[in-house]
Amino acid sequence: MAARDFFVEVAGVFGRWLRKTFRRPSFVFFALVQPIVWFVLFTQSFAKIAELPAFKLYSGGASYLTFFTGAVIIQTVMASAMQSGIGMVNDIESGYMDKMRVAPIRRASILLGKVMSDGVRILLQTSIIIVMGLLLGVTFATGVGGVLIIFLIAVTFGIAWSGISTFVALVTRNSETTLMISLLTTFPLLFLSTAVMPKPLLPAWVQNVASYNPLTYIADAIHALIIRGFDWTAVGYAFLIILIVGGISLSATTAMFRKAVAA
């Protein structure tokens, strides 16, 4: 009975977050338009990179559009994770979290339901990007199996990264601060990784930074699945990074959430 009640609570919170998400026209708009902007602007601006010998060697002759598909997935996942923290701040500011304090519901249900809704949102956005890539002529070297692994990487990485945004939201309780910190971490980390450019084409100091950047390992795995084939070493490193980031971020978020609800 207790287990059933727990699942009912999680399902209720999960459904509430999904309804809240899809009732916002801005979400639907940016979910569709943002990938198009990234695809069009960056692939047109950097199309000549595909002619460089170093890029041809790395990509096996694939276009920059094909390579850049991985960057669009990562950027969209990180932007979606950022929205997770802002949504939490909105709940705090609207008084919804105060209602949760006195509601007969397990605290774990609140956080788990929210995390699951983040995963579904990221899954939908990643699906849009992959369909868009296929329409633009992107081919996936690993076929359906590779696409499924890309979905798994995107969803798990998004959930892990959303823990950072939610933690910041719970600490600051301010949407502007949460947005600013999220933006300051998203774009520098993206461009200091191998998501946008192969490592051999990066400046030496950026290559050094990229080696310690968790996004590099996510990007390398996705690029391999799109361009070269099943590189299980790269995929394994990606999931290891996800496990480490998720373990740290979600543990910190859970502790802070319990503190915030109990306050």
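The values are calculated or read from the model by the stated rules, or taken from the named source; none is laboratory data. Quick caveat: nothing in here was measured; it's all calculated off a predicted structure. Heads up, the Cβs are rebuilt from the backbone with ideal geometry, glycines too, and the neighbour counts pull from every protein chain shown. Keep in mind that these areas ignore ligands, DNA and RNA; they rest on the heavy atoms of the full protein, side chains included. Shrake-Rupley method; radii C 1.70, N 1.55, O 1.52, S 1.80 Å.
Just by accessible area at a 1.4 angstrom probe, what is the order of 109, 45 from largest to smallest?
Ranked list, largest accessible area first: 45, 109.
Just tell me which lysines come within less than 29 Å, Cα to Cα, of residue 114; anything on the same chain fewer than 8 places away is out.
Of all the lysines, those that pass the test against residue 114 - Cα under 29 Å, at least 8 places apart if same chain - are 20, 99, 259.
What are the lysines whose alpha-carbon lies under 22 Å from the alpha-carbon of residue 199, with same-chain residues fewer than 8 places away excluded?
Straight-line reach from residue 199, under 22 Å: 48, 56.
If each of residue 201 and residue 141 carries a label point 7 Å out from its Cα toward its Cβ, how far apart are those two points in nm?
For the pair residue 201/residue 141, the computed spacing is 1.6 nm.
Give, in nm to one decimal, the length gained when the segment between residue 258 and residue 208 is fully stretched (0.36 nm per residue of separation minus the Cα-Cα distance).
Between residue 258 and residue 208, full extension yields an extra 14.2 nm.
Please compute the contact order of the chain in relative form: average sequence separation of alpha-carbon pairs under 8 Å and at least six residues apart, divided by the residue count, as a percent.
With pairs under 8 Å counted, the relative contact order is 26 percent.
Residue farthest toward the positive end of the dipole of the chain, with Cβ of Lys/Arg at +1 and Asp/Glu at -1: which of 168, 146, 209?
Towards the positive end, the residue furthest out is 168.
Just one of (1) -0.26, -0.34, -0.84, -1.31; (2) -0.33, -0.42, -0.94, -1.26; (3) -0.46, -0.56, -0.98, -1.37 is log10 I(q)/I(0) by the Debye sum over Cα atoms at q = 0.07, 0.08, 0.13, 0.17 Å⁻¹ as worked out from the coordinates here. Which one is it?
Only one listed value fits the structure, namely (1).
Note down the magnitude of the dipole of region 103-260 about its Cα centre, charges +1 on Lys and Arg C-beta and -1 on Asp and Glu C-beta and zero elsewhere, to the nearest 20 debye.
540
Could you please put 93, 9 in sequence from largest to smallest accessible area, using a 1.4 Å probe?
93, 9
Counting only protein heavy atoms and using a 1.4 Å probe, what share of the accessible area of region 117-170 belongs to carbon plus sulfur, as a whole percent?
Carbon plus sulfur share of accessible area: 83 percent.
So what's the back-of-envelope 222 nm ellipticity for the chain, counting only DSSP H runs of four-plus at -39500 (n - 2.57) apiece and dividing by all residues, rounded to 500?
-27500 deg cm²/dmol
Taking R0 as 30 Å, what FRET efficiency do you get between residue 184 and residue 243 from their Cβ-Cβ distance, rounded to the nearest 0.05?
0.75
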